[in-house]
Amino acid sequence: MAPPATTLDAGAPCVIRGARAAAAGGTLLASGVGNERRVAVRAAFEAAGLLVDVTPGREWALLRATRATP
């Protein structure tokens with residue numbers, strides 16, 4: 001059974017919920033992240049122990065995060 005989907009909003013709660021979702025074996029997709037925030041969001045996810053792949057767009061990006069394996 002796949003982990004439940006989680007809707008995230010900006011800020012620290014976003015990182016916490018995203019890390020929990022990925023820790024449960026899920027993949028976190030953060031779509032529509034403005035290019036001006038992309039680097040900060042990626043850094044926050046990485047600080048929470050997630051591996052992040054970024055697909056940049058013209059005005060926004062898609063971030064795909066999974067739990068780093070030990």
| task | Note down all Cβ pairs under 7 Å where the first residue falls in the stretch 35-56 and is β-branched (Val, Ile, Thr), the second is assigned to a helix (DSSP H, G or I), and they're at least six residues apart or on different chains. | result | VAL52/ARG42; VAL52/PHE45; VAL52/GLU46; VAL54/ARG38; VAL54/ARG42
| query | Counting only residues that are surrounded by 12 or more Cβ atoms within 10 Å (Cβ to Cβ), of a type in the set (Val, Ile, Thr) and not in a helix (DSSP H, G or I), which one in the stretch 38-64 is modelled with the lowest pLDDT? | reply | VAL52
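The values are calculated or read from the model by the stated rules, or taken from the named source; none is laboratory data. All values reported here derive from a predicted model rather than from experimental measurement. Reconstructed Cβ throughout: ideal geometry from the backbone, glycine too, with neighbour counts over all protein chains shown.
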